[in-house]
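Take a look at the structure set out below.
The values are calculated or read from the model by the stated rules, or taken from the named source; none is laboratory data. These figures come from a predicted structure and were not determined experimentally. Virtual Cβ from ideal backbone geometry, glycine too; neighbours counted across all protein chains shown.
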Amino acid sequence: MEVDGDKLDPTQDDQVGRFIKAMALSTNAYIELEEGKGQYNIVGDTTEGALVVAAQKVGWTRKQLEQDLPRVAEYPFSSERKAMTTVHEVLGDEAKRLFPNTKYISITKGAPDQLINWATFEQVADEAQPLNDERRARWQSYVDKMASEGLRVLGVAYRPLDHVPEKLDDSIERELHLLGLVGIVDPARPEAKDAVRVAREAGIRPMMITGDHALTAEAIARDLGIIDEGQQAITGKQLDKMTDEELVQALAQTSAFARVSPEHKLRIVRTLQRQGQIVAMTGDGVNDAPALKQADIGVAMGITGTDVSKGASEMVLTDDNFASIVAAVEEGRTIYDNIKKFIKYLLSSNVGEILVMFTAIMTGLKIPLIAIQILWINLVTDGLPAIALGFEKAEEGVMKRKPRPVNESIFADGVGGHIIRIGILIAILTLGGFIYGFVSHGMDPLDPTLGLQDFSRQEIVVLMDKSGAGDDLVIPQYWDDWTAEMRVVYLEDGNPFVEAVDGIAELSRESVIELARTDDIPLEWDDDVAVREAFIQGQLSAAETHENDIIVLEEESSDGILAFAQRIPRTIAFTLLAFTQMFEVMAIHAGDRVSFFKKWFGSNMLLMWAVLSTFVLQLIVIYLPFAQDIFRTAPLSVTELVITAIGGSVILFAVELEKLYLTRQKLKHEAQV
């Protein structure tokens, strides 16, 4: 040890040795050697642990000290007294030399201003000198000097006792002999200052509420950036004199409070809540439990926290690190942002699908999407990218935004408007693609006989009539000689297929119902049901079935053969809708204020693979025969595929324009505020 630059051996200086032994004995912490690592850890309160470490550096372990001065009683620490007292029997020769003429001693450790007021003597060498006002002021100046340097200051005093009182009370902490002051450096973690800065930028107000000396609290709070130059800490005594209105004003002027009791902490929390603030309270002791319980989010310390404090809290901070709370806020904002993206993406798609189907029904259009296609959109085209959105990283500037209002709807901040606007645009694009599919193939999307006029008399049209309604239907032999207009008139004139043909009457409704050339029916048709079924299923040889004369069309919907003409328009609508989802998720993932063209997929490779996978799967659905049969699709030409891709990309540019407009509006609003 050094005193004013000179080395000092506490084992040879009774005054210093008495002080160090007393401060180490009045603790409940101890040092434990961690097996396998060869390092010592403090078990218990770290402040008390520092006192034990100081004694052990001199060469005095707590176990050795308690052999000479065993503890026989304890008056526990309380936040009201801000002190604790232990009673020891004086046994060893060294102990009797340091504390002569007494059988027992009490050692009090705690807030120095308290001990200065309670003490009646100061120990100078082996002599107890009366503590007058001048000496009290000198001791207080030492306390203020140490506290202003950011040290946690404790006072240590003792009192000779003839016997151990039956019941320990406040009286044992009077008539004390002041031994000295100890300043403990309790440095903030290196990341704490940055964490406080980030929190303040995020609109979070860190506050220090401590039992330490006011000057200590001010020095630490100022160093961390919790308070600014010129701001001062408010003490518990000052709080007691304040009305509720005065406390509100005080809370607006400072964020540091010192020498406070549990009642003060609870009052501060409640006052902040009455102002509409959301309060997160940290604590580790039993006395912190009421404030932890009252706070909106109680955060107990996982390492130093008591079971009571943990039980009163909603959250346990496993590493006792304030920076972890700030990191949790950032993660929470990121999760909330991703939920909003998820909702914007899925609901805008769903609104678009609903509007597509509703509009088609109300306007007399054919149904643009069948059930399995809608299922594919919802589970695959929407599903895969939506899941990937959950893995988005934090947006740029996420911790520079102010906290959102407590009662703010998740559809606020442009989310609801996006769902409606983009949903309508998706519906327009999808219906436009559907109509384009008809028009580009010379068909009228509102024609109820759509498709029938395109079949010639050289084609056998096989319709599986699963409804069981109507008579056997026959297309007249001269069908291909009629104009399209004549065919429409023919189809609309009652039951269009009225000509009976030999052999047709015996066909079941589950078999061939329409035939255009009776002479192409195999001779054994009427006699052999198995051959008839084989013919229908295309299993007979080319010679028997007159190859190139037969086209087999299975029923796709209740419209029967009319559905065949809708395959390409429906596939265009189906694919365009899928592409709009891919382009929308590309724009949404970048965030509300960042363009996709600046962010791309670099921050979320999972989303990139989800979009690529969805694109490949969509191509499989429209180009592979087995998938065409399942999803009732038709292969699109290169031109049609390009048109659907261009149509889908409209969503990307629309969302980018929306972000540009909303960003400007927000910046304008923030500038006014």
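Under the condition of being in contact with a Ser or Thr (Cβ under 7 Å, 6 or more places away or on another chain) and not in a helix (DSSP H, G or I), which residue from region 219-237 is farthest from Lys193 (Cα to Cα)?
Ile234
Would you be able to tell me the number of residues in region 385-405 that are more than 14 Å from Ile339 (Cα to Cα), out of contact with any Gly (no Cβ under 8 Å at 6 or more places or on another chain) and in a loop (DSSP other than H, G, I, E, B)?
3
Being more than 16 Å from Arg18 (Cβ to Cβ), in the same structural domain as Ser171 (by TED's automatic domain parsing), in contact (Cβ under 8 Å) with a residue 12 or more places away in the chain and not basic (Lys, Arg) is the requirement here; does Ala55 meet it?
Numbers: more than 16 Å from Arg18 (Cβ to Cβ): no; in the same structural domain as Ser171 (by TED's automatic domain parsing): yes; in contact (Cβ under 8 Å) with a residue 12 or more places away in the chain: yes; not basic (Lys, Arg): yes.
No, not satisfied.
Taking only region 63-103 into account, find how many residues are surrounded by 14 or more Cβ atoms within 10 Å (Cβ to Cβ) and at positive phi.
Residues meeting the conditions: 1.
Considering region 599-636 alone, what residues qualify as being β-branched (Val, Ile, Thr) and part of a helix (DSSP H, G or I)?
Val611, Thr614, Val616, Ile620, Val621, Ile622, Ile630, listed by residue number.
Within the set of pairs 6 or more residues apart or between chains, which connect a residue that is free of Cβ contacts under 8 Å to residues at least 60 places away in the same chain inside region 346-360 to a residue that is acidic (Asp, Glu) with Cβ atoms less than 8 Å apart?
Partner pairs satisfying both residue conditions: Leu346/Asp382.
Does Pro187 meet the test of being part of a loop (DSSP other than H, G, I, E, B) and under 28 Å from Thr235 (Cβ atoms)?
yes
So, of the residues in region 372-405 that are under 22 Å from Gly591 (Cβ atoms) and aliphatic (A, V, I, L, M), which turns out to be surrounded by the most Cβ atoms within 10 Å (Cβ to Cβ)?
The residue in question is Leu389.
Ala412 - would you say it is at pLDDT 90 or above and among the small types (Gly, Ala, Ser)?
no
A quick yes/no check of all residues on (1) under 25 Å from Ser78 (Cα atoms); (2) buried (at least 20 other Cβ atoms within 10 Å of the Cβ); (3) in contact with a Phe, Trp or Tyr (Cβ under 6 Å, 6 or more places away or on another chain):
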{"site": "Asp144", "(1), (2), (3)": "yes, no, no"}
{"site": "Ser148", "(1), (2), (3)": "yes, no, no"}
{"site": "Leu151", "(1), (2), (3)": "yes, yes, no"}
{"site": "Leu176", "(1), (2), (3)": "yes, yes, yes"}
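For region 310-326, check the following and say yes or no: at least one residue is closer than 30 Å to Gln277 by Cβ and more than 23 Å from the chain's Cα centre (by Cα).
Yes, there is a match, as at least one residue in region 310-326 is closer than 30 Å to Gln277 by Cβ and more than 23 Å from the chain's Cα centre (by Cα).
Please work out which residue is farthest from the chain's Cα centre (by Cα), limiting yourself to region 612-653 and to residues that are surrounded by 19 or more Cβ atoms within 10 Å (Cβ to Cβ) and of a type in the set (Val, Ile, Thr).
Thr633
Filtering region 628-673 down to residues that are closer than 23 Å to Lys341 by Cβ and of a type in the set (Phe, Trp, Tyr), which residue is modelled with the highest pLDDT?
Across region 628-673, the extreme among qualifying residues is Phe653.
Kindly indicate whether any position in region 67-84 is without any contact (Cβ under 8 Å) to a residue 40 or more places away in the chain and closer than 16 Å to Pro160 by Cα.
So far as region 67-84 goes, yes, one or more of its residues are without any contact (Cβ under 8 Å) to a residue 40 or more places away in the chain and closer than 16 Å to Pro160 by Cα.
State whether the residues of region 323-334 include one that is farther than 30 Å from Thr282 by Cα and in contact (Cβ under 8 Å) with a residue 24 or more places away in the chain.
There is no residue in region 323-334 that is farther than 30 Å from Thr282 by Cα and in contact (Cβ under 8 Å) with a residue 24 or more places away in the chain.
Quick one: what pairs do we get from region 193-220, first residue more than 17 Å from Ile268 (Cα to Cα), second surrounded by fewer than 21 Cβ atoms within 10 Å (Cβ to Cβ) and acidic (Asp, Glu), C-beta under 6 Å, 6+ apart or different chains?
Leu215/Asp144
If I filter region 583-593 for residues that are over 38 Å from the mean Cα position of the chain (by Cα), of a type in the set (Asp, Glu) and part of a helix (DSSP H, G or I), do I get at least one hit? Show your work before the answer.
Restricting attention to region 583-593, the residues satisfying the condition of being over 38 Å from the mean Cα position of the chain (by Cα) are none.
No, region 583-593 contains no residue that is over 38 Å from the mean Cα position of the chain (by Cα), of a type in the set (Asp, Glu) and part of a helix (DSSP H, G or I).
Of the residues Asp307, Asp288, which is surrounded by 20 or more Cβ atoms within 10 Å (Cβ to Cβ) and of a type outside the set (S, T, N, Q)?
Criteria check complete, one pass: Asp288.
For residues that are part of a loop (DSSP other than H, G, I, E, B) and in contact with a Gly (Cβ under 7 Å, 6 or more places away or on another chain), scanning just region 238-288, find the one that is nearest to Ala328 (Cα to Cα).
Asp284
Scan region 340-354 and tell me whether some residue there is surrounded by fewer than 20 Cβ atoms within 10 Å (Cβ to Cβ), of a type in the set (Gly, Ala, Ser) and in a helix (DSSP H, G or I).
There is no residue in region 340-354 that is surrounded by fewer than 20 Cβ atoms within 10 Å (Cβ to Cβ), of a type in the set (Gly, Ala, Ser) and in a helix (DSSP H, G or I).
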